[in-house]
1. Within the set of pairs 6 or more residues apart or between chains, which connect a residue that is under 16 Å from Ile71 (Cβ atoms) inside segment 107-124 to a residue that is in a loop (DSSP other than H, G, I, E, B) and not charged (D, E, K, R) with Cβ atoms less than 6 Å apart?
2. State which residue is surrounded by the most Cβ atoms within 10 Å (Cβ to Cβ) when the search covers only segment 124-141 and only residues that are of a type outside the set (D, E, K, R) and outside any loop (DSSP other than H, G, I, E, B).
3. If you take the residues of segment 61-80 that are touching a helix residue (DSSP H, G or I) at 6+ places or on another chain (Cβ under 6 Å) and over 16 Å from Ile92 (Cβ atoms), which of them is surrounded by the fewest Cβ atoms within 10 Å (Cβ to Cβ)?
4. Among the strands (runs of 3 or more DSSP E) lying completely within segment 46-123, list those that include at least 1 residues that are over 27 Å from Pro36 (Cα atoms) and over 23 Å from the mean Cα position of the chain (by Cα).
5. Which of the numbered conditions does Ile31 fail, given that it passes all the others? Conditions: (1) touching a strand residue (DSSP E or B) at 6+ places or on another chain (Cβ under 7 Å); (2) farther than 30 Å from Gln155 by Cα; (3) modelled with pLDDT of 90 or more; (4) loosely packed, with under 11 Cβ neighbours inside 10 Å.
6. All but one of (1) farther than 30 Å from Ser56 by Cβ; (2) surrounded by fewer than 10 Cβ atoms within 10 Å (Cβ to Cβ) hold for Ser88; state the number of the condition that does not hold.
7. When you look at Ala146, is it part of a strand (DSSP E or B) and small (Gly, Ala, Ser), yes or no?
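The values are calculated or read from the model by the stated rules, or taken from the named source; none is laboratory data. Being a predicted model, the structure only gives us computed values, none of them experimental. Neighbour counts run over all protein chains shown; Cβ positions are idealised from the backbone, glycine included.
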Amino acid sequence: MTKRSKKNRKTTKKKKVRKKFKVEESQKELIIKTRPDWIKKGLVNKKEYEKKYNDSIKNNDAFWKKEGKRIAWIKPYKKIKDVKYSKSNVRIKWYEDGTLNASANCIDRHLKNKKDKTAIIWVGDNPKDTKKISYKQLHKEVSNAANGLKSLGIQ
């Protein structure tokens, strides 16, 4: 065997990669099957999901009014939605007269009971470069950034 063919043979070897999930492909869609252990840890099961979905169809306004109350509002909304689907005018606005604070909803509300739990898992370009950031750490970093912007006169 020549040096060149040995080199080519080395570069064409495939590494064995352990699959974390099962993938089925068809011509039109990609389906990723959820692992059974993940299903057990889920907060919503299929039956509960179907009930919520049906409620969202049958009692649309009441459903979204209730869902909107799951998050904290600086200024509560009065109007749930403004939706229009026509050829000349497509308009989709949700809770447009309310005001949210993303930090309060995504970080602050978790500090009391979950401050040491992971809020973000960062993965770099190299998948071996990872970092887990707790809600407490994230709150500190966001507060530092907000205070820095505030010191520059940015509101």
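1. none
2. Tyr135
3. Taking the candidates together, the pick is Ala72.
4. The qualifying strands (runs of 3 or more DSSP E) are 73-75, 81-85, 90-94.
5. (3)
6. Ser88 satisfies all of (1) farther than 30 Å from Ser56 by Cβ; (2) surrounded by fewer than 10 Cβ atoms within 10 Å (Cβ to Cβ) except (1).
7. no
One line per residue, one yes/no per condition, for (1) of a type outside the set (Lys, Arg); (2) closer than 25 Å to Ile80 by Cβ:
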{"residue": "Arg109", "(1), (2)": "no, yes"}
{"residue": "Lys117", "(1), (2)": "no, no"}
{"residue": "Lys128", "(1), (2)": "no, no"}
{"residue": "His139", "(1), (2)": "yes, no"}
